[in-house]
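These notes are about the structure you will find just below.
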Amino acid sequence: MGEPPDGQPCAGVFARAWAKAVAGTSYLPMTHAQLELLLQRLTDLLAEALRAEPLDLRVGHKVADELVAAHIVSAEALGRTVEVIQLRLVRDLDLVSDDIEDRMARLLGAVATGYARALRDRTLDEQESIRRAAMTARVEAEQALRASEARFRHQANHDPLTDLPNRTLFAERLAAAVDGSAGSGRRVGLCFLDLDRFKRVNDSFGHQIGDRALVAAAQRLRRAVEPHLVARLGGDAFVVLVERSTGTGDVVAVAEAALAALSEPVVVDGHDVTVTASVGIVERRVAGTSPDDLMRAAGSTLHWAKSAGGAGWALYDAERDGREQARQELSAAIPAGLERGEFFLDYQPLTSLHDGSLLGVEALVRWRHPRLGVLRPDKFIGLAEETGLIVQLGGWVLAEACREAVGWTSTSGQPPYVSVNLAVRQVRRPGLVQEVRSLLRRTGLPPNRLQLEITESTMMTTSEEPVRALRALADLGIRIAIDDFGTGYSNLAYLRDLPVTELKVAGEFVRGLRTPEALADERILASLVSLAHALDLTVTAEGVETGGQAERLRAIGCDAGQGWHFGRPASPDHILARIR
Amino acid sequence: MYDYYLGGSHNFAVDRATARAMVAAVPQAPLMAQANRAFLRRAVQFLTDAGIRQFLDIGSGIPTVGNVHEIAQLHAPDSRVVYVDVDPVAVAHSREILAGNDRTAVIQEDLRQPDRILAHPDVRAMLDFSQPMAVLVVAVLHFVSDDDRPAEVLRTLRAALAPGSYLVLSQASDDGRDEAERAEAEEVYRRTDSPLWVRSRAELTGFFDGFELVEPGVVWVPQWRPETPESAEDAERAVFLGGVGRLGG
């Protein structure tokens, strides 16, 4: 059976019927002819088993295994297989014997058992395989997600240009380092580093090269300060976090390593780009400090390093910082102090050396600070000049002096004039003349009762504006005095050009009068007085403390004196009492 | 779902539930799947007979039984096959099955982004684009909407092929369907993640633009070079139209 005359295998009538029965019950990955050949082979196995003695049921299992292995794997395929074997196998193959029904039943039972078993195994294998695939896919998806999360986290925490940690990551790490739960003895340090004049690199080479120099600098920094965290805060500012410092020396060493790493020129695109840096160092115990404190201190210290000329480091100094901070606070409080009326004026007499009469008074500003008490001008005028608040403050002093002086009347002739200091910024400000003019109109103070004191430095400008303003003021009849004459450049040229009416000679020339070494001072004073008189100027000597000094000054020919000998600065009431 | 119709167990409860719903709507659904798979088998055999040794099977799904490499390597052991599928589970499963077969590769890409497929390093490593190959887009185009420009996708693939290459296409078609059946089948697929875009014979023929269709052209898949005359009977019940085109020159 199954062997055609030409030797080619070919399916018999039973195998063909079997193939027809199972075709289409599931997808068969073979041609119909291949299916017939397979089933012919299985037919031969079954026929042999039915003939053999004893009946080998394992043949039934084997046939079932092969069917399932060939992907003949449906319930229908089993049903039709049982049916076609039972109906046709014995007849088509002529397998008659006494116990054939019995043998057939047992063999079919073995086929059905083997098929169910093989199909179950195959199903379980396939289920397991697809679950494994699903799990793999999920694991891969999670890995991809984690990788992309990690990428996003990195981007969120790093500077895109240099790939250094950014401000966010630095803030996190600093907060963790300063965390209160850390041991109380733990110390921490910061190096706040800024490249000196980096803008120049950008300006001369362009931003592209500037950026690449920044990247190179960042890489060097990172290597130089390892394992400490170095972050780019933006621009050309970096910060190194030194955790678990054992003392200032640790952090200074880090700063020096950083400066050394940056000292070699970077070659970018054939350009030698040399950068230096300044570092502000702060190092302290973790207990009692905060990230904000540390950063602020490091920032101030960096500023000190910069003002010291750059290319170096500065170490935080609490005392210096305290002073600067106090000055800062005081300066910031000036506008509110003006608004709340915390400033007031004292007046110091300017006394005639000829007859002892009160010629004028100098207005001196005081600040009744709510916390610090009454402050003298040396505590706050410098600050106000630095910040520009002097314009506002000086304007108030001028107005207040005019307002008070207009009420002074004298029973014995001309009431005293009031002398007010004008700061450089006030003189250089356009609109000064207008301001003074309207002030005089508003208060009714005669111009000749107002004297404006300017310093020599006011005139040290190439601009014509201040000179023109002073001329206009002098033309109104206002007196113009040069304050502290003899301590600055004492440029005689402006005595010729300016409408000055008086020289106030600095107290240091007066102090030495009547002592053996005072000969030079006395000669200088005498020359100044004769020079002034030759130019039609009057001379007031400042800092007159004794009667002897007053005597000498009078002998020299000096016109007026100011100082403790003639009266300390006092309230307007005292002045009024003096002129009545 | 497809695997379930083919009699496999590489499937999940949700697939089986959808598959059974589909059978309720379209009783011949398993037959469709089987006919389509048989078409793939005959087409790959035709291609190996024609001397093709490189295959790019896009939208290969979960390869269960009768995979391209099994058929091709049975006839021509030096055949190389790259499987492409968008579904990560299908890709993971393919990798498992193909482990150890160094003439196959699997990549996770989308048919709608043919440039990415063509540029993929694994594809470039396995297939030589200077030599003819077969691109198989079998039983997957009906998942590509017109908005995703299937014709353009196929043009992009064609442009990368050497003369003498082949394109095998099959997809669900509503040619000769009645309205009720069409609506019901579409409704079932709409409830899955994969809406169905059935197309006419003319549209499918249009996708072969630039190729010469080999005999018998675009037909119901059982009619494509059937092994026996009986197997092509009632061919439109298979729902899938298919065809093979050759790039001339």
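The values are calculated or read from the model by the stated rules, or taken from the named source; none is laboratory data. Predicted model only: the values in this text are computed from it and were never measured. Neighbour counts run over all protein chains shown; Cβ positions are idealised from the backbone, glycine included. Just so you know, the surface numbers come from the protein's heavy atoms only, side chains and all, with ligands and any DNA or RNA stripped out. Shrake-Rupley method; radii C 1.70, N 1.55, O 1.52, S 1.80 Å.
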With the charge dipole of chain A built from beta-carbon charges (+1 for Lys and Arg, -1 for Asp and Glu) about the Cα centre, the Cα from A:Ala19, A:Gly563, A:Leu375 projecting farthest to the positive end belongs to A:Gly563
How about A:Lys504: which lysines have a C-alpha closer than 27 Å to its C-alpha, ignoring those fewer than 8 places off in the same chain?
A:Lys379
Quick one, what does Rg over Rh come out to for chain A if you take C-alpha atoms and the Kirkwood Rh?
1.54
How long is the gain from A:Asp179 to A:Leu531 if the chain were fully straight, where each residue apart is worth 0.36 nm and the alpha carbon distance is subtracted?
119.6 nm
Go through B:His142, A:His32 and list them by solvent-accessible area, largest first, probe radius 1.4 Å.
A:His32, B:His142
What nm value, rounded to one decimal, do you get for the distance between B:Ala119 and A:Gln325 when each label is placed 7 Å out toward the C-beta?
5.8 nm
Testing the spin-label approximation: label points 7 Å from Cα along Cα→Cβ at A:Arg138 and A:Asp272. State their distance in nm.
6.4 nm
For chain B, what are the DSSP H helices with axial Cα length of 27 Å or more and mean Kyte-Doolittle hydropathy of at least -1.0?
B:29-49
Excluding same-chain residues fewer than 8 positions from A:Lys20, which aspartates and glutamates have a Cα within less than 16 Å of its Cα?
A:Glu36, A:Glu76, A:Glu83, A:Asp92, B:Glu227, B:Glu230, B:Glu233
Give the distance, in whole Å, between the Cα centre of region A:387-406 and the Cα centre of region A:518-536.
33 Å
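Residue separation times 0.36 nm, minus the C-alpha to C-alpha distance between A:Asp99 and A:Asp475: what's the value? Display every interim value, and only then the final one.
Values: separation 376, 0.36 × 376 = 135.36 nm, distance 15.08 nm.
Between A:Asp99 and A:Asp475, full extension yields an extra 120.3 nm.
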Based on the alpha carbon coordinates of region A:23-85, what radius of gyration and maximum Cα-Cα distance (Dmax) apply, in Å?
12.0, 37
Using a 7 Å offset from the Cα along the Cα-to-Cβ direction at both A:Ala287 and A:Ala260, what is the distance between the two label points in nm, to one decimal?
3.4 nm
Can you compute the helix-only [θ] at 222 nm over chain A? Use -39500 (n - 2.57) per DSSP H run of at least 4 residues, normalise by all residues, nearest 500 deg cm²/dmol.
-17000 deg cm²/dmol
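How much FRET efficiency would the formula 1/(1 + (r/R0)^6) give for A:Ala520 and A:Phe205, where r is the Cβ-Cβ distance and R0 is 41 Å, rounded to 0.05? Intermediate results must be reported in sequence, preceding the final value.
Numbers: r = 58 Å, r/R0 = 1.40.
About 0.10, to the nearest 0.05.
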What's the buried accessible area, both sides, between A and B using a 1.4 Å probe, rounded to 100 Å²?
1900 Å²
Any GluC sites (Glu not before Pro) in region B:212-241 that lie in a DSSP loop and have at most 13 other Cβ atoms within 10 Å would be B:Glu233
Using a cut-off of 28 Å between alpha-carbon atoms, which lysines can reach A:Lys199, once sequence neighbours fewer than 8 places away in the same chain are excluded?
A:Lys306
Would you mind telling me the share, in percent, of accessible area of the protein assembly as shown contributed by carbon and sulfur at probe 1.4 angstrom?
51 percent
R0 of 60 Å, Cβ-Cβ distance A:Leu145-A:Phe344: FRET efficiency to nearest 0.05:
0.25
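Rounded, prolate or oblate: which fits region A:13-129 when a ≥ b ≥ c are the square roots of the eigenvalues of the alpha-carbon gyration tensor, with rounded for a/c under 1.5 and prolate only if a/b beats b/c? Numbers along the way, then the final one.
On the way: a/c = 2.17, a/b = 1.41, b/c = 1.54.
Since a/c reaches 1.5 but b/c is at least a/b, the shape of region A:13-129 is classed as oblate.
Return one whole number: the accessible area per residue of region A:167-316 in Å², for a 1.4 Å probe.
Numbers: 6870 Å² over 150 residues.
Roughly 46 Å² per residue, with all protein chains present.
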So A:Thr123 and A:Glu465, fully extended at 0.36 nm per residue minus their Cα-Cα distance, gain in nm 112.9 nm
Please check chain A for the longest run free of chymotrypsin sites (Phe, Trp or Tyr not before Pro) that are loop-located per DSSP (anything but H, G, I, E, B) and have at most 12 other Cβ atoms within 10 Å.
A:1-488
Could you tell me the calculated FRET efficiency between A:Lys379 and A:Glu508, based on Cβ-Cβ distance and R0 = 30 angstrom, to the nearest 0.05?
0.90
Can you sort A:His154, B:His69 by 1.4 Å-probe accessible area, starting with the largest?
A:His154, B:His69
